[in-house]
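Some notes on the structure that comes next.
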């Protein structure tokens, strides 16, 4: 993360630090209670999506439904709620017997950024996910994904613009990609990496056009290019415009994930989104699921005060804090080491000290007021301060 922090220093110049808390490096632990997920063709909007035409799946094998993942309170309940959860590996899980869909119990969770070894050791499906050659691309992709109801409108607009989509050229919002369509494209981009090269390129639509299909009943699927909302002129081509935008966004997500993948090789990248993998200890073929959430934004300032000069001469043994950031991985406070033993001065000496504010959180902030009590025997002489921009 590159950001600017505004630091104010009194009676001297000081530098601030901008620290990003990395996820704790821990292995998966059984969840209690378990989580329960199921799938459906339709989303809350009443629309569902697919790669190609699922009705032709029996003959061409080139189509796949983009399932909507729903969460349930239990395995035998009927209380689905929407989630920001995605199928990681197309073609596995959520079936029982002759194609009957089921609600699956998940009792393991992993941090996908830091627990890759534990994920690979769990079962063959998860091992293939980690060792398949595109795991870093998957992490990079997740870190730029749009999260409905969490990402801001400005972030959504920026994502669309980054993909080369210029929505201002369209006459109305009916021509814009919906949140559901963005999620469907993101799901397809995930499968591009996790099912790469499988089934004769079934999940690779990088060079294809018109691949996003839709349904309003979960049975009949049609090409999105032919879709028109009821309040749009039938000849307006709103569906065609959204199809073209879907293709641009798909390519942008894939290209950007490839370009950024090397940053995720050692688990020390800067994370904008958290990424949790859910799995089952009882069912090694259960569909792996990943939940994308926004990293919590913390505003946390630390203040340190230290003597720098006596009568204009720098103190012999520096008292500038030596900062150890490693403790931030397991808490919210860095470790500051600096001398605090007394310094001998004479009556009338001028003591100069710094007050430095360090930003230990991951959002930009500043201190608007600093109150300092002078040590006994000192009186205020003058104040010198500077505004410092620190690029970290």
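The values are calculated or read from the model by the stated rules, or taken from the named source; none is laboratory data. Not measured: the values here are computed from a predicted model. For neighbour counting, all protein chains shown are included, and Cβ atoms are generated from backbone atoms with ideal geometry for every residue, glycine included.
Details
- Flag if residue 70 is farther than 23 Å from residue 260 by Cβ, at pLDDT 90 or above and surrounded by 19 or more Cβ atoms within 10 Å (Cβ to Cβ): yes
- A single entry from 277, 249 fulfils the requirement of being assigned by TED's automatic domain parsing to the domain that holds residue 119, within 20 Å of residue 67 (Cβ to Cβ), touching a residue at least 24 places away in the same chain (Cβ under 8 Å) and under 16 Å from the mean Cα position of the chain (by Cα): 277.
Yes or no, residue by residue, for (1) closer than 19 Å to residue 253 by Cα; (2) under 27 Å from the mean Cα position of the chain (by Cα):
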{"position": "173", "(1), (2)": "no, yes"}
{"position": "176", "(1), (2)": "yes, yes"}
{"position": "195", "(1), (2)": "yes, yes"}
{"position": "208", "(1), (2)": "yes, no"}
{"position": "219", "(1), (2)": "no, no"}
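- Pick from the range 220-234, criterion in a loop (DSSP other than H, G, I, E, B) and free of Cβ contacts under 8 Å to residues at least 60 places away in the same chain, ranking: surrounded by the most Cβ atoms within 10 Å (Cβ to Cβ): 227
- Residue 322 vs. criteria crowded, with 16+ Cβ neighbours inside 10 Å, in contact with a strand residue (DSSP E or B) (Cβ under 8 Å, 6 or more places away or on another chain) and at pLDDT below 90: no
- Of all residues in the range 83-113, those satisfying the criterion of being modelled with pLDDT under 90 and surrounded by fewer than 18 Cβ atoms within 10 Å (Cβ to Cβ) are 91, 92, 95, 96, 97, 98, 99, 100, 101, 102.
- Members of the range 336-364 that are touching a strand residue (DSSP E or B) at 6+ places or on another chain (Cβ under 8 Å), farther than 22 Å from residue 322 by Cα and at pLDDT below 75: 364
- With respect to the conditions (1) crowded, with 18+ Cβ neighbours inside 10 Å; (2) at pLDDT 90 or above, residue 9 falls short on a single one, namely (2).
- Among the residues of the range 114-129, those identified as within 20 Å of the chain's Cα centre (by Cα) and either surrounded by 21 or more Cβ atoms within 10 Å (Cβ to Cβ) or farther than 18 Å from residue 292 by Cα (or both) are 115, 116, 119, 129.
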